[in-house]
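Everything on this sheet refers to the single structure shown next.
Each value in this text was obtained by applying a stated rule to the coordinates, not by laboratory testing. All values reported here derive from a predicted model rather than from experimental measurement. Neighbour counts run over all protein chains shown; Cβ positions are idealised from the backbone, glycine included.
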Amino acid sequence: MFAPRPVSSELKDIDLTDKLFPWKGDQPVLLSMPLSNALYLPLFNLEGSLRAVLKKVGVPFERIKKVDDGRVFLESLPKFIGIQPLKVILNPRFTETGTVRFTEVQ
């Protein structure tokens, strides 16, 4: 098992406007990954992908929210939750081998 790590150095310009994210109670749903001390806020292009990934990892949510303005959204997020870094990831998905691929937003 490996900790999350970059597999590409390619930089992309990403607009988070209209992306979807899971919500429970009064906050977004955050995920953790093995061997990582970070928390991950997953954003998705498609509702079906969001539902499939959260079902696979067994993480419940109550609603789906949409990002109205990507830049404002990103600026509103804290860099840390307690002492854990917060990372925004786009379209996490499982590969055939069971690893997780995603685009990290910086």
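Worth a mention:
- Relative contact order (%) - criterion: Cα under 8 Å, at least six apart; region: the stretch 20-105: 33 percent
- Extending 7 Å from the Cα toward the beta-carbon at both Q84 and E47 defines two label points whose distance is 2.8 nm.
- Once exposed loop GluC sites (Glu not before Pro) are cut out (DSSP; at most 10 other Cβ, 10 Å), longest piece of the chain: 11-61
- Alpha-carbon radius of gyration plus Dmax, which is the widest Cα pair, for the chain in Å: 13.3, 36
- Segment S32-D68, extension gain: residue separation times 0.36 nm, minus the distance between their alpha carbons: 10.5 nm
- The stretch 2-106: trypsin sites (Lys or Arg not before Pro) in DSSP loop, at most 16 other beta carbons within 10 Å: K12, K79
- Per residue, the chain reaches -5000 deg cm²/dmol at 222 nm when only DSSP H runs of four or more residues are counted, each adding -39500 (n - 2.57).
- Cross-link table K19/K87; K55/K79; K24/K56, entries beyond 19 Å C-alpha to C-alpha: K55/K79
- Added length on full extension, which subtracts the Cα-Cα distance from 0.36 nm per residue, D13 to L77: 21.2 nm
- Assuming charge only on the beta carbon of Lys and Arg (+1) and of Asp and Glu (-1), the dipole of the stretch 20-105 about its Cα centre is about 180 debye to the nearest 20.
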